[in-house]
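Visitor: After the C-alpha cells below, expect a handful of questions from me.
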Amino acid sequence: MMNTDEQKSPNYMLDSKWDDIIVGVGGGWTAVPNLLLKKQGVLKLSASELNVLLNLIRFWWEPTRAPFPSPEKMAAEMGVTARTVYRTLAALEEKGFIDRVSEDGQPTKYDLQGLLGKLKEVRIAT
C-alpha cells in the first residue's frame with residue numbers, strides 16, 4: 001500500500017493515469033501548459049504548427065538549453081514529409097514563436113523564448 005505522499009506525487013498520478021504505456025521504450029511524458037492548447041486559436045497556430053511546437057517542447061529538457069531535434073525524425077514520427085516540418089518551422093520562426101540557432105558542425109537548435117513571450121502576452125490579455 002502506498003502512503004499519501006506517493007499517491008499525490010505528479011509522477012504517481014501520471015503513472016496511474018497512463019498505466020504502463022509511459023514506461024520503457026517510447027514512454028515518458030511531456031509537460032505542456034494548458035494555455036498553449038486553450039489559446040491555440042488566439043495565437044493563430046495551425047494544427048501542424050501546434051504539432052511541431054509540441055514536438056520541440058518534447059525535447060526541451062532544461063530551461064537554458066534549446067532543444068535540437070531532427071526535423072526528419074519529427075516528420076517520421078508525425079507521419080508527414082520532412083519538407084512539411086521544415087516549412088512549419090519556417091512559419092513558426094516568421095510568427096516569432098521560435099528562433100533557429102545554427103552553429104558550425106552542430107545540429108540546429110530551436111530557441112522557444114518567443115513561444116514563452118507569446119504565452120505571457122495571452123495570459124495577461126485574458
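Each reported figure results from applying straightforward, stated rules to the coordinates on display, with no laboratory input. Predicted, not measured: the structure shown is a model, and the values here were computed from it. Glycine gets a Cβ as well: all are built from the backbone with ideal geometry, and neighbour counts include every protein chain shown.
Visitor: Working from Cα positions, state the angle (0 to 90°, nearest 10) between the long axis of helix 113-125 and the longest principal axis of the chain.
Guide: With rounding to tens, the tilt is 70 degrees.
Visitor: Using only the Cα atoms of the range 14-122, what are the Rg and Dmax in Å?
Guide: 14.4, 44
Visitor: Using only Cα atoms, tell me the angle between helix 82-94 and the longest principal axis of the chain; keep it within 0 to 90° and round to the nearest 10.
Guide: 80
Visitor: If you rank 68, 97 by fewest surrounding Cβ atoms within 10 Å, what's the result?
Guide: Working: 68 14, 97 25.
In increasing order of surrounding Cβ atoms, one gets 68, 97.
Visitor: Using the count of nearby Cβ atoms within 10 Å as a rough guide to exposure, how do 48, 70 rank from fewest to most? Could the numbers behind the result be given before it?
Guide: Working: 48 16, 70 13.
Lowest count first: 70, 48.
Visitor: Which value, in debye to the nearest 20, gives the size of the charge dipole of the chain about its Cα centre, when Lys and Arg are +1 and Asp and Glu are -1 at the Cβ?
Guide: Values: 16 positive and 16 negative charges, 117 e Å.
Using only the charged Cβ atoms, the result is roughly 560 debye.
Visitor: Let me ask something additional. How do 86, 110 rank when sorted from fewest to most other Cβ atoms within 10 Å of their own Cβ?
Guide: Numbers: 86 15, 110 27.
Result, fewest neighbours first: 86, 110.
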